[in-house]
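Since the structure comes first, as structure tokens, the remarks are kept for the end.
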Amino acid sequence: MIHDALLVLWDCTRVNEMLQIEPTLYANQGDPEIYSRICAISRSHHKIQNFIAATSFNYRKTHTGAKTFGLYGQALSEGITEILQSYKKTLLEVESLIIGNTDYTLSFVYSYVEKFQGLFNTINRIITTIKERRLTGCQILSLTHQHILNGNEVVHNAIVRIFSCINTVFVNQLCTWLLYGELRDPYEEFFIYRSKKDDHSDTFLSSPSTINTCDKTLVTTLQQTPLDCGYNLNPSMIPHFMPLSLAQEILFIGKTVILFGFDPRKVKRNTCITLNRPLLPLHKLDNDSRRFTIWEEKEAEFHEKLQKLKDPEIFEVCNLRCVVREIKECVTKHLWTVAVEEAQLLHELRLMKDFYLLGRGELFLELLRLTAHMLDKPTTRTSTRDMNHAFQLAARAVFLSNSADIEKFSFELPYVKPNLSANSTLDDDSSTVADGWSTIILKYDFKWPLHLLFAPEVLARYNDMFRLLLRIKKTQHDLHALWKTYKQSRRFAMCQLHNKLMFLMDNLQHYLQADVLETNFSRLMETVNKTNDFEKLKKAHATFLADILSQSFLTVTSPSENESAGDAADSINNPVFVNIMELLKLCDSFCSMSEFASDKDAEDYYIKGYSDRFNKLVKQLTQLLVSLRERACGAFLARLLMRLDYNRWLSAEAELTRSLTHMLRC
């Protein structure tokens, strides 16, 4: 009978055909119950053995179409096999004792194997959960980690050893990703995956902004410019003990290492890093490319620290986070060195201010003189070529043609063919095409790796600012050009309206250039000079861009239906921006009045209409600015209000009972 029990424990019989013992063969009254418990332990052991056999390499090789459990499943199987060695040793010990003494009973055998009941039950729960939920990869790691906390010391120690085997696979994958940017994941089990080529497409050329972002989320949107190397997080695979922020840091480090695996001398102009571009592994870089190595002598140190995490006693989230933070600090410092010192980021930021934010005023005044007639009309197929030719002529006129910085910028005027049907005419709304002022794009050929800072969304937002500033500059220039015409005119109404328009445009332009752009750019450069962390620099730049967009009315500054619905809104829904654009149209129409006003009576008619329209728009603008003074944007709006109403002229024009100055003091 004892030998039958040992055969059952050794799994020498089928589960459903356990050896049946006649009742008369039991030596003691409690033996049937003990034997059934032994059979229960044997069944648990049998299930475990089946799982081990199904995850073995030989089983998958001989059984085509068998389910693949991957590296983590194999590691789990190996860990369980290692644990079962103590069970087999126990059975050998029991056999040797029974051979030496035939007086032992079933209770003696059960006393040796009873301690494995809890362990087998726990392992079977893990196996059952894996099968039912179809868990793979890091999900198996998370599940095993959840079972470590157990009051049974035997079970606890066994699960820790199993977790150690699975954790070895995880740490190895983590190590190759963090240090070498390689994803060794043949079964797609890691929490980082490589996206398909079809899902990866972007360009670093600027295009008109189509993404609507509000002021609160704009900083986050602009800061989260991806390292587009084709790798992303798989949220379902992130271990439960790892915070999302830590997983994002790990993803960032690996992407940055991959970034430095590209040879920047082979990066084509005006192109981005794509999945099709061949990688140059870090360890294959020659001496000339040594500056692109990240770790130098720290590689062995980081590798050792990561390998220590294989020890379950050392593997804690806090220890993992510390190692990742050290690696990230090294990466960001190297990224700072390459971006700021070698790619001359500070100089490139000044170029963005000079060109996108019209810091080179003399250059764009000359450009407007050459291209204003072109931008007033719908674009043609030759508009881009003509615009770039005029840009070169303007640079030559202000003695910038020999500057290498000019070559980094070029213009694009997208051509849109008018949609003319058989029954439509050029006057129909369906056939109208936007003019050059609303479609012009300034492109920037930046150095590697500045695409991390000047992502497509960032350049699109810079172009939004550029189009607004260029339009205001053009309107201001046209109004000043009329000064010679009206300075000696005896027609008071015309001169007064002209002066009002000039006053408004001059103060608006001064507010944007001095109060908005210069102030925020100085704050940006101060932050850049105080840090050596690329991530902080990126955040400071995103904050700078979000601030100038908000203070230039290109993002929403007042509640709207779109915001209450949970969607963001852009400048087209900003009432202040819409009002300013209407004022610009009014100024343009006033400047071209001589083209359609043939006599004095016609001029008087148009001047009266323009004056009424101006007073109405000024009143609307005043009321809008006053209504926003208590909001977050009120601090910078107060500057514009004080400029426009420093002598209470705007208050009188808006027919307000109290001056804006008094209202702002309340």
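The values are calculated or read from the model by the stated rules, or taken from the named source; none is laboratory data. Keep in mind the model is a prediction, meaning the values are calculated, not measured. Reconstructed Cβ throughout: ideal geometry from the backbone, glycine too, with neighbour counts over all protein chains shown. Areas reflect the complete protein model, heavy atoms only, side chains present, ligands, DNA and RNA absent. Shrake-Rupley method; radii C 1.70, N 1.55, O 1.52, S 1.80 Å.
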Links that overshoot a 19 Å alpha carbon limit, given the list Lys353/Lys447; Lys474/Lys619; Lys473/Lys500; Lys353/Lys585; Lys305/Lys530; Lys333/Lys443: Lys474/Lys619; Lys353/Lys585; Lys305/Lys530; Lys333/Lys443
How much accessible area does Met494 have with a 1.4 Å probe, in Å² rounded to the nearest 10? 10
Per-residue counts of other Cβ atoms within 10 Å, averaged by peptide: what ranking do you get for 100-111, 250-261, 152-163, highest first? 250-261, 152-163, 100-111
Label-to-label distance, nm, for residues given as Glu316 and His3 (7 Å Cα→Cβ offset): 5.4
Placing each pseudo-label 7 Å from Cα in the direction of the beta carbon, Ala300 and His347 end up separated by a distance in nanometres of 3.8
How many nm is it between the label spots at Ala404 and Asn157, if each spot is 7 Å from the Cα in line with the beta carbon? 6.8
Nothing charged except the Cβ atoms of Lys and Arg (+1) and of Asp and Glu (-1): what's the magnitude of the dipole of the stretch 36-180 about its Cα centre? Round to the nearest 20 debye. 620
What does the charge count around Phe364 come to, taking other residues whose C-beta lies under 15 Å from its C-beta (Lys +1, Arg +1, Asp -1, Glu -1)? +3
Residue-level accessible surface for Ser611, protein heavy atoms, 1.4 Å, Å²: 30
Can you give me the accessible area per residue for the stretch 120-196, using a 1.4 Å probe, in Å²? 45
Calculated FRET efficiency for the pair Gln146/Glu33, C-beta based, R₀ 25 Å, to 0.05: 0.15
Can you tell me the FRET efficiency between Lys89 and Lys536 if r is taken as the Cβ-Cβ distance and R0 is 60 Å, rounded to the nearest 0.05? 0.55
